[in-house]
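Remarks on the structure that follows.
The values are calculated or read from the model by the stated rules, or taken from the named source; none is laboratory data. Note that the structure is a prediction, hence the values are computed from the model and not measured. Heads up, the Cβs are rebuilt from the backbone with ideal geometry, glycines too, and the neighbour counts pull from every protein chain shown.
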Amino acid sequence: MNPTLEKTFFALRSPFALKLYILIAALIALFFFFDRVLMPLYVKGGEIVTVPDVTGKAFEEAEQRLKQLGLVAKRGYEVYDPKKKLGTVLSQNPLPQSKVKAGRSIYLSVNTARRENAPLPDFKGRTLTDAKLTLERLSLRLGKIEEVPVTKKEDDGMILSQSIAPGTTVSVETVIGFKVGRLPAEGGVQQGVVPDVLQRTLSEAEALIVTAGFTIGEVRYRYSTSLVPNTVIAQSPKQGELAPLGKPVELVVSTNDKQKEKEKPLIESEEDTTSTP
C-alpha cells in the first residue's frame, strides 16, 4: 500500500477521528431534534403574536416575515389589480395588528396576471357575501341585486338565480346579477338571519354583523386565560335567529385583562349562545 494512503487510512481510524465523527453525528441529531421536536412544541405552546402588515410586499417576502414570527403564510384569493405590481400581497386575513397564537395561518390575497376566459360558477344556494368574494377573485363585477320573497328560513339571504347561466364562459369584468331570497317583512320591518360570529375575532365579527345588515351592540368582556384576547364567546341574538335588520347584536369577548371584565352578564341564558373555549 502507498505509504501516504496508509497513513491517511490509520489517521481516519484514530481515536481522535472517531471522537470527531461522534461529535458531528451528535450535532446533526441535535439539529433535527430542535427542528422537529422543540420548535413544534414551542409553537403549540400558545405564544400570542401580533400579525404584521405585509400588504404591498412580494408573497415570498411576506412569507418570510410571517415565518420569523411563527406564523404560516398561505395563498388566499388571487385578485388582479392593474394598478399594483404582480405578485404582491393586496390583502390579508387576519388583519394587521390582530392578536393570534403562533402557528396560525395567515391568508394572503396575491395580485396575479389577468386570467383567460373561464366558465362561470354556480352561485345558487350561496350567500351574497360569498358570491362577492368569488366575483372579486375571478375579476368579475357585481351587477343588479333583486330581492325575491321566500317562505323558507333557509332561503333567506341565499342566491336563487344568476343573470348568466352557470358554466357559461365569461371574460374578466363581466357583470353578473343575482336574485336573492328574502323573507317577508314582519311588522313593516325587514327580517334577516343573524350571522354566527362565535370564535371569531372582534374585528371579524363586527364586519360579518354589518355585512348581514345588523349593527354592533354593546361589547362586554370576560376574563379568560384559555382564549386569544378579543375572541367572541357569546352573542345576542343567537346565531341563525331571525331579527329585524338594523337590530344591534351584543357580544361577549374574551380578555386577559381582569379590569376589563364587567360584573353584569350580557346574556341571561349564556348556555345557548356561548361557545366552548
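A few remarks follow.
- Ile267 falls short on exactly one of the conditions (1) crowded, with 18+ Cβ neighbours inside 10 Å; (2) more than 28 Å from Pro94 (Cα to Cα); (3) at pLDDT below 85; (4) aliphatic (A, V, I, L, M), and that condition is (2).
- Scanning the stretch 111-135 for residues that are in contact with a strand residue (DSSP E or B) (Cβ under 6 Å, 6 or more places away or on another chain) and closer than 24 Å to Leu71 by Cβ yields Asn111, Thr112.
- Here is the figure for the stretch 213-234: residues that are more than 20 Å from the chain's Cα centre (by Cα) and either buried (at least 17 other Cβ atoms within 10 Å of the Cβ) or part of a strand (DSSP E or B) (or both) total 11.
- Selected residue (only one of Lys74, Lys132, Lys99, Lys85 is closer than 30 Å to Pro244 by Cβ and not acidic (Asp, Glu)): Lys132
- Selection count where residues are loosely packed, with under 13 Cβ neighbours inside 10 Å and either in contact with a helix residue (DSSP H, G or I) (Cβ under 6 Å, 6 or more places away or on another chain) or part of a strand (DSSP E or B) (or both), scope the stretch 69-96: 1
- Per-region count, the stretch 118-157, residues in a loop (DSSP other than H, G, I, E, B) and either at pLDDT 80 or above or surrounded by 13 or more Cβ atoms within 10 Å (Cβ to Cβ) (or both): 13
- Taken as a whole, the structure places Gly46 among residues that are at pLDDT below 65 and either in the same structural domain as Leu227 (by TED's automatic domain parsing) or in a loop (DSSP other than H, G, I, E, B) (or both).
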